[in-house]
Amino acid sequence: MYTILKNSLLNSNKIYLMEVHAPWIAQSGKPGQFVIVIPHDKGERVPLTISDIHAESESITLVYQVVGESTRHLSQMAEGEELFSIVGPLGRASELV
């Protein structure tokens, strides 16, 4: 499963930082890729860019803004809770020069 390690408010514009234990994505993800997060079994799919990858802790960092019902639900989830699903990494990795 995908355990939330951290979910904190970054500023007054309802922007949050979430760190999630996601071993497969932490191993294979590259800068510029994204994931699809489904917070609960009846939740919508939310595409979020991978902000950081922590290979040592097998986790990824996602930054998101509360703009609708699904991201509001994400913002209310606590450390230790499980996300229903994460699909990824998706998309083309950025070319690093």
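Quick check on the range 24-37: of everything there that is more than 9 Å from the chain's Cα centre (by Cα) and open to solvent by less than 30 Å² (accessible area, probe 1.4 Å), which residue is farthest from residue 3 (Cα to Cα)?
Narrowing the range 24-37 to residues more than 9 Å from the chain's Cα centre (by Cα): 24-33.
In the following step, the residues that additionally are open to solvent by less than 30 Å² (accessible area, probe 1.4 Å) were identified as 25-26, 29, 33.
On the way: 25: 13, 26: 13, 29: 18, 33: 20 Å.
Applying the filter and picking the extreme gives 33.
Can you tell me which residue in the range 43-52 is farthest from the chain's Cα centre (by Cα), limited to those that are over 22 Å from residue 12 (Cβ atoms) and open to solvent by 50 Å² or more (accessible area, probe 1.4 Å)? Spell out how you get there, then give the answer.
To start, the set of residues in the range 43-52 that are over 22 Å from residue 12 (Cβ atoms) comprises 43-45, 47, 50, 52.
Still in the list and also open to solvent by 50 Å² or more (accessible area, probe 1.4 Å): 44-45, 47, 52.
Numbers: 44: 14, 45: 12, 47: 9, 52: 10 Å.
Only one residue fits best here, namely 44.
Could you tell me which residue of the range 8-23 is surrounded by the fewest Cβ atoms within 10 Å (Cβ to Cβ), considering only residues that are closer than 15 Å to residue 72 by Cβ and under 12 Å from the mean Cα position of the chain (by Cα)? Show your work before the answer.
Within the range 8-23, the first condition is being closer than 15 Å to residue 72 by Cβ, and the residues that meet it are 9, 13-16, 18.
Still in the running and under 12 Å from the mean Cα position of the chain (by Cα): 16, 18.
Numbers: 16: 19, 18: 23.
In this case the residue turns out to be 16.
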Index of the failed condition, residue 93 passing every other in (1) among the small types (Gly, Ala, Ser); (2) touching a residue at least 24 places away in the same chain (Cβ under 8 Å); (3) in contact with a Leu (Cβ under 7 Å, 6 or more places away or on another chain); (4) surrounded by fewer than 14 Cβ atoms within 10 Å (Cβ to Cβ): (3)
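Can you name the residue in the range 68-96 that is of a type in the set (D, E, K, R) and either at pLDDT 95 or above or within 19 Å of residue 50 (Cβ to Cβ) (or both) and is also farthest from the chain's Cα centre (by Cα) among such residues?
Residues of the range 68-96 that are of a type in the set (D, E, K, R), as a first pass: 69, 72, 79, 81-82, 92, 95.
Narrowing the set further to residues that are either at pLDDT 95 or above or within 19 Å of residue 50 (Cβ to Cβ) (or both) leaves 79, 81-82, 92, 95.
Values: 79: 13, 81: 13, 82: 12, 92: 17, 95: 22 Å.
Taking the candidates together, the pick is 95.
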The range 8-29: number of residues that are among the basic types (Lys, Arg) and part of a strand (DSSP E or B): 0
The range 24-38 residues that are farther than 11 Å from residue 87 by Cα, paired with ones that are among the polar types (S, T, N, Q) and open to solvent by 10 Å² or more (accessible area, probe 1.4 Å) (beta carbon under 6 Å, 6 or more apart): 31/94; 32/94
Condition check for residue 5: open to solvent by 40 Å² or more (accessible area, probe 1.4 Å) and not in a loop (DSSP other than H, G, I, E, B): yes
Qualifying residue in the range 63-81 (condition: assigned to a strand (DSSP E or B), open to solvent by 70 Å² or more (accessible area, probe 1.4 Å) and among the polar types (S, T, N, Q)): yes
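The values are calculated or read from the model by the stated rules, or taken from the named source; none is laboratory data. Just so it is clear, the structure is predicted and the values come from calculations on it, not from any experiment. Please note: Cβ atoms are built from the backbone with ideal geometry, for glycine as well, and neighbour counts cover all protein chains shown. Please note that ligands, DNA and RNA were not included when accessible areas were found on the heavy atoms of the full protein model with its side chains. Shrake-Rupley method; radii C 1.70, N 1.55, O 1.52, S 1.80 Å.
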